[in-house]
Amino acid sequence: MAQLYVGDPAATGEPAEQLKGFQRVTLRPRQTTRVAVTSSLPLVARAEVTR
């Protein structure tokens, strides 16, 4: 499952990370695929990919 988490600055009073989107995928061992998780532009100011 691919998940999109968004972090807010501590000053906002919101949790450090919030789940904002996800995409369920089924893969066989060693299989890869591309996944698109969409979000509005103001929500994501900087993206960091973690594998």
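Among the residues of the range 38-51, write down those that are surrounded by fewer than 12 Cβ atoms within 10 Å (Cβ to Cβ) and at pLDDT 70 or above. Once the filter is applied, which keeps residues that are surrounded by fewer than 12 Cβ atoms within 10 Å (Cβ to Cβ) and at pLDDT 70 or above, the range 38-51 yields only Thr38. Scanning the range 2-35 for residues that are on the phi < 0 side of the Ramachandran plot, in a loop (DSSP other than H, G, I, E, B) and modelled with pLDDT of 85 or more turns up Arg24, Val25, Thr26, Leu27, Arg28, Pro29, Gln31, Thr32, Thr33, Arg34, Val35.
The values are calculated or read from the model by the stated rules, or taken from the named source; none is laboratory data. Keep in mind the model is a prediction, meaning the values are calculated, not measured. Counting neighbours? That spans all protein chains shown, and the Cβs are built from the backbone with ideal geometry, glycine included.
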